[in-house]
Amino acid sequence: MSNKMWGGLFDESPDAIMEEINVSIDVDRHLYAQDITASKAHAAMLAKQGIITAKDAKNIAGGLDTILSEITKGSFTFKRALEDIHMNVESRLGELIGPASGRLHTARSRNDQVATDFRLFVRDTIDEIDAAFASLQRALVDRALEHADTVMPGFTHLQTAQPVTFGHHLLAYVEMVSRDRGRFADARKRLNESPLGAAALAGTSFPIDRHATAKALGFDRPMANSLDAVSDRDFVLETLSAASIAAVHLSRFAEEIVIWTSPLVGLVRLSDKFTTGSSIMPQKRNPDAAELVRAKTGRVIGSLTGLLIVMKGLPLAYQKDMQEDKAGAMEAYSALSLAIRAIAGMVRDLVPNEERMKLAAGEGYATATDLADWLVRTLKMPFREAHHVTGRIVGTATKKGVALHELDLKEMQAVEPKITAEVMKVLSVESSVKSRVSYGGTAPKNVTSQAKAWLKRLEKE
Ligand code: ARG
């Protein structure tokens, strides 16, 4: 039997391999809700414009509702021979309401249909991802407030650099997530135009109302050019770019969790809920969730580069290549969404080892900059000279194998005679973080006020 949809021309059925390479139902079945919503809007518009009868439109809408409930209940049979979600729905509609089903596809093509469905799908996905991001931010801000004055080592080059607060470190990710959310919101704005009614590529001779369907589907307006409407997938690429950048942020945090929880470092303990054991080594507490967040970035970036390559060089308008836009994108969005939720889960109940953090914050002469700053402030020394003097004092301490505050004042004065006992006050890690009150700095009072501002902002959403 030839294909029902285009059987007028074809005598032979497709080869099994043709069917296998062409079929997309396993992927685009996830668009069922959007496909049905868009079809209902299209049918209602066709009736309003007098293109089909109100009775037919009513039957179509009723049939589509039945199909929606069959799919949600799990009683719908998706048929591979029917290729994709659009033909599966339309064919079932025929079984349910008879010949009137054939009027639904008036002034429409699968080309504008799939572009519409996928825009709606990506828009829904952005909203879900945004909600997940918001709850991650809430988790980070709660913990930041709790640890506004918990001192930890700050690193550059993964070498102990200067003491910071754990709250400050967590708020850094709140800022990154905020920009990630902004990128998704931008993409959402640009994608929110309706391709429906562009038909195959050239528009249609029927007196359709694209503004009406755009409005019914929550789009800001119809897309202005029918060729563009059916042939671009930049909205997928843009959200995948946003997803890739967000995944990179999450992977950096995941890597920090892996480092912090290593017994060699021991700054943080993950809860049992987010840790796995080893089948052979009874002592192991593995940060698998963090490692998998780190790894999932690969899938997200992979799907971005995959689709960029699919789209590159495609002439206008619709090309079947574009059917390959969904699998990778859907996989990337669910990987990202899971990664966000996993990081939020870890953040909510991880336990920082405050004692170890404080100790580590002081290791490696982390308050050397504070000593140099003291020389600048108190002795009015130029910073470059203060840097040099401090370097020599650190050298003395290193030779003795002691911390800066464990040196005798005399030993410091041997390097710089004008140093007084007052210097000892700036050498503790607590005084170091407290002094960093510059805007955006790590001082506990900055962290508290920023965390509170974030709480307010998140509550208002
Ligand atoms: N399954 C197709 C896709 O996802 C729908 C559009 C098919 N259009 C066509 N002219 N073959 O791209």
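The values are calculated or read from the model by the stated rules, or taken from the named source; none is laboratory data. All values reported here derive from a predicted model rather than from experimental measurement. For neighbour counting, all protein chains shown are included, and Cβ atoms are generated from backbone atoms with ideal geometry for every residue, glycine included. Quick note on the areas: whole protein, heavy atoms, side chains included, nothing else; ligands and nucleic acids left out. Shrake-Rupley method; radii C 1.70, N 1.55, O 1.52, S 1.80 Å.
Which one of these does ASP325 not meet: (1) open to solvent by 10 Å² or more (accessible area, probe 1.4 Å); (2) among the charged types (D, E, K, R); (3) under 22 Å from PRO195 (Cβ atoms)?
Only one criterion in (1) open to solvent by 10 Å² or more (accessible area, probe 1.4 Å); (2) among the charged types (D, E, K, R); (3) under 22 Å from PRO195 (Cβ atoms) is unmet by ASP325, namely (1).
Any idea which of (1) more than 16 Å from the ligand (Cβ to nearest atom); (2) out of contact with any helix residue (DSSP H, G or I) (no Cβ under 7 Å at 6 or more places or on another chain); (3) open to solvent by less than 50 Å² (accessible area, probe 1.4 Å) is the one SER109 doesn't satisfy?
Only one criterion in (1) more than 16 Å from the ligand (Cβ to nearest atom); (2) out of contact with any helix residue (DSSP H, G or I) (no Cβ under 7 Å at 6 or more places or on another chain); (3) open to solvent by less than 50 Å² (accessible area, probe 1.4 Å) is unmet by SER109, namely (1).
So, of the residues in the range 340-383 that are free of Cβ contacts under 8 Å to residues at least 40 places away in the same chain and in a helix (DSSP H, G or I), which turns out to be surrounded by the most Cβ atoms within 10 Å (Cβ to Cβ)?
Once the filter is applied, the top-ranked residue is ALA372.
Of everything in the range 83-99, what is within 16 Å of the ligand (Cβ to nearest atom), buried (at least 20 other Cβ atoms within 10 Å of the Cβ) and either of a type in the set (A, V, I, L, M) or farther than 20 Å from ALA327 by Cα (or both)? Give them in sequence order.
ILE85, VAL89, GLU90
Checking the structure you have, find out if any residue of the range 293-306 is part of a loop (DSSP other than H, G, I, E, B), closer than 24 Å to LEU140 by Cβ and more than 16 Å from the ligand (Cβ to nearest atom).
Within the range 293-306, none of the residues are part of a loop (DSSP other than H, G, I, E, B), closer than 24 Å to LEU140 by Cβ and more than 16 Å from the ligand (Cβ to nearest atom).
Would it be correct to say that SER449 is outside any helix (DSSP H, G or I) and either under 29 Å from LEU267 (Cα atoms) or within 32 Å of the chain's Cα centre (by Cα) (or both)?
Working: outside any helix (DSSP H, G or I): no; either under 29 Å from LEU267 (Cα atoms) or within 32 Å of the chain's Cα centre (by Cα) (or both): yes.
Taking the combined requirement at face value, the residue does not satisfy it.
Pairs under 7 Å by beta carbon, first residue open to solvent by 10 Å² or more (accessible area, probe 1.4 Å) in the range 130-142, partner among the small types (Gly, Ala, Ser), six or more apart or different chains?
Filtered contacts from the range 130-142: ALA132/SER337; SER135/ALA344.
Quick one: how many residues across the range 288-318 are touching a residue at least 60 places away in the same chain (Cβ under 8 Å), open to solvent by 50 Å² or more (accessible area, probe 1.4 Å) and out of contact with any helix residue (DSSP H, G or I) (no Cβ under 6 Å at 6 or more places or on another chain)?
Residues flagged as touching a residue at least 60 places away in the same chain (Cβ under 8 Å), open to solvent by 50 Å² or more (accessible area, probe 1.4 Å) and out of contact with any helix residue (DSSP H, G or I) (no Cβ under 6 Å at 6 or more places or on another chain) within the range 288-318 amount to 1.
Of the residues that make up the range 444-459, is at least one touching a Ser or Thr at 6+ places or on another chain (Cβ under 7 Å), farther than 29 Å from GLU354 by Cβ and open to solvent by less than 90 Å² (accessible area, probe 1.4 Å)?
Checked against the condition, which is being touching a Ser or Thr at 6+ places or on another chain (Cβ under 7 Å), farther than 29 Å from GLU354 by Cβ and open to solvent by less than 90 Å² (accessible area, probe 1.4 Å), the range 444-459 yields no hits at all.
How about the range 423-444: which of its residues are free of Cβ contacts under 8 Å to residues at least 40 places away in the same chain and either more than 35 Å from the chain's Cα centre (by Cα) or part of a helix (DSSP H, G or I) (or both)?
Scanning the range 423-444 gives MET424, LYS425, LYS434.
Scan the range 56-70 and give yes if some residue there is over 21 Å from PRO99 (Cα atoms), not in a loop (DSSP other than H, G, I, E, B) and not aromatic (Phe, Trp, Tyr), otherwise no.
The answer is yes, given that some residue of the range 56-70 is over 21 Å from PRO99 (Cα atoms), not in a loop (DSSP other than H, G, I, E, B) and not aromatic (Phe, Trp, Tyr).
Only residues in the range 186-201 that are free of Cβ contacts under 8 Å to residues at least 60 places away in the same chain and basic (Lys, Arg) count as the first member; pair them with residues that are open to solvent by less than 50 Å² (accessible area, probe 1.4 Å) and within 15 Å of the ligand (Cβ to nearest atom), Cβ under 7 angstrom, at least 6 apart or cross-chain, and list the lot.
Listed pairs, sorted by first residue: ARG190/PHE235.
Exactly one of these conditions fails for ASP15: (1) more than 13 Å from the ligand (Cβ to nearest atom); (2) open to solvent by less than 60 Å² (accessible area, probe 1.4 Å). Give me its number.
Checking ASP15 against (1) more than 13 Å from the ligand (Cβ to nearest atom); (2) open to solvent by less than 60 Å² (accessible area, probe 1.4 Å), the one that fails is (2).
If you go through the range 143-182 one residue at a time, how many are more than 18 Å from SER251 (Cα to Cα) and open to solvent by 20 Å² or more (accessible area, probe 1.4 Å)? Outline the logic, then answer.
At the first step, the residues of the range 143-182 found to be more than 18 Å from SER251 (Cα to Cα) are 143-154, 159-168, 182.
Still in the list and also open to solvent by 20 Å² or more (accessible area, probe 1.4 Å): 143, 145-146, 149, 159-162, 164, 168, 182.
Counting residues in the range 143-182 that are more than 18 Å from SER251 (Cα to Cα) and open to solvent by 20 Å² or more (accessible area, probe 1.4 Å) gives 11.
In the list VAL437, VAL402, which residue meets the criterion of being surrounded by 12 or more Cβ atoms within 10 Å (Cβ to Cβ) and modelled with pLDDT of 95 or more?
One residue alone meets the criteria, VAL437.
Quick one: is GLU324 without any contact (Cβ under 8 Å) to a residue 24 or more places away in the chain and within 36 Å of the chain's Cα centre (by Cα)?
Yes; evaluated as a whole, the condition is true for this residue.
Considering only the range 202-216, I want to know if a residue exists there that is open to solvent by less than 10 Å² (accessible area, probe 1.4 Å), assigned to a helix (DSSP H, G or I), touching a strand residue (DSSP E or B) at 6+ places or on another chain (Cβ under 7 Å) and over 18 Å from TYR333 (Cα atoms).
Initial filter on the range 202-216 (open to solvent by less than 10 Å² (accessible area, probe 1.4 Å)): 213-214.
In the following step, the residues that additionally are assigned to a helix (DSSP H, G or I) were identified as 213-214.
Subset that is touching a strand residue (DSSP E or B) at 6+ places or on another chain (Cβ under 7 Å): 213-214.
So of that shortlist, the ones also over 18 Å from TYR333 (Cα atoms) come out as 213-214.
Scanning the range 202-216 turns up at least one residue that is open to solvent by less than 10 Å² (accessible area, probe 1.4 Å), assigned to a helix (DSSP H, G or I), touching a strand residue (DSSP E or B) at 6+ places or on another chain (Cβ under 7 Å) and over 18 Å from TYR333 (Cα atoms).
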